[in-house]
Each structure stands twice: as C-alpha cells, then as structure tokens.
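Structure first, then comments.
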Amino acid sequence: GQPHGTVTGDPVFRAVERIQQMRELFAQEIETCEAQIKDAQAFKASVAGAISQLTPVQQDVIRLRYCGGHDWVYVGFKLYMSEKTARRYDVQACEALANLIEIRKDDRF
C-alpha cells in the first residue's frame with residue numbers, strides 16, 4: 001500500500017505531537033525558573049542593601065559568620081572581641097536586618 005499521511009493514528013504524528021507538548025512544558029518551566037531567579041536576585045539585592053545600613057561591626061560579624069561560615073570563636077578573634085560580644089552584635093544585626101527587609105517587602109507590595 002500507499003502511505004496514509006499524518007492522521008491521529010500515525011506513530012510519527014503522535015511522536016511529533018508529544019515533542020511539541022514537551023517543548024511547551026519546557027518553555028513553561030523555563031519561565032517559572034526565570035521568575036524564581038529574578039525573585040532571588042531581588043531578595044539578594046534587598047539583603048545586601050539592608051546589610052549596608054548596619055554598623056561596620058555588625059556588617060563584619062554578619063559577613064564572617066554567615067558569608068564566611070566561621071564559628072563564633074573565629075569571629076570574635078578576627079574582630080578583637082569575645083565570642084559573647086560577637087554573638088551580641090549578631091543578635092542586634094539580625095534584628096535590624098529583619099526590620100529592614102520587612103520594611104522593604106512592605107514597600108514593594
């Protein structure tokens with residue numbers, strides 16, 4: 001016989017249709033990922049802006065502890081203070097950051 005063309009029962013047609021569906025799903029996933037990346041970048045910029053409003057000592061504590069991943073003994077040693085004092089600055093800095101980031105979130109919406 002002769003070829004029947006592209007009808008819904010044709011395996012090639014079904015494969016092409018499935019490929020098109022997968023392309024659409026991938027496009028949707030890419031859009032979702034791009035939106036999540038944009039949100040994460042905005043949040044990162046918000047946190048960086050909030051950190052810049054802290055006192056220099058608070059900034060140093062935050063950077064050493066959370067960006068550098070150092071323990072409290074090291075943070076205190078590097079900043080010429082006790083571990084207890086470093087932790088106190090951390091509490092103050094985290095409270096200030098929470099307030100600053102919350103204010104910016106409210107302004108954004």
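Starting from the Kirkwood radius over alpha-carbon pairs of the chain, derive D by Stokes-Einstein at 4 °C in a medium of 1.567 mPa s and give it in µm² s⁻¹.
Diffusion coefficient, whole number: 71 µm²/s.
Using mean Cβ contacts within 10 Å as the protection proxy, how do 25-35, 63-73 order, highest first?
My ranking of the peptides, most packed first, is 63-73, 25-35.
How much length is gained if the chain between residue 48 and residue 20 is pulled fully straight, taking 0.36 nm per residue apart and subtracting their Cα-Cα distance, in nm to one decimal?
5.9 nm
What number comes out for accessible area per residue over the range 1-98 if the probe is 1.4 Å? Units Å², please.
76 Å²
Computing the accessible area with a 1.4 Å probe over protein heavy atoms, can you report the carbon and sulfur percentage for the chain?
Numbers: 4950 of 8530 Å².
C and S atoms contribute 58 percent here.
Using packing as a proxy for protection, rank 81-94, 40-53 so that the peptide with the highest average count of other Cβ atoms within 10 Å comes first.
81-94, 40-53
Pull out the extension gain between residue 32 and residue 81, defined as 0.36 nm times the separation in residues minus the alpha carbon to alpha carbon distance; nm, one decimal. Write out the running numbers ahead of the final one.
Working: separation 49, 0.36 × 49 = 17.64 nm, distance 4.56 nm.
Stretched out fully, the residue 32 to residue 81 stretch lengthens by 13.1 nm.
The values are calculated or read from the model by the stated rules, or taken from the named source; none is laboratory data. Note that the structure is predicted; figures quoted are calculated from it, not measured. Reconstructed Cβ throughout: ideal geometry from the backbone, glycine too, with neighbour counts over all protein chains shown. Remember, those area values only see protein heavy atoms, side chains included, never the ligands or the DNA or RNA. Shrake-Rupley method; radii C 1.70, N 1.55, O 1.52, S 1.80 Å.
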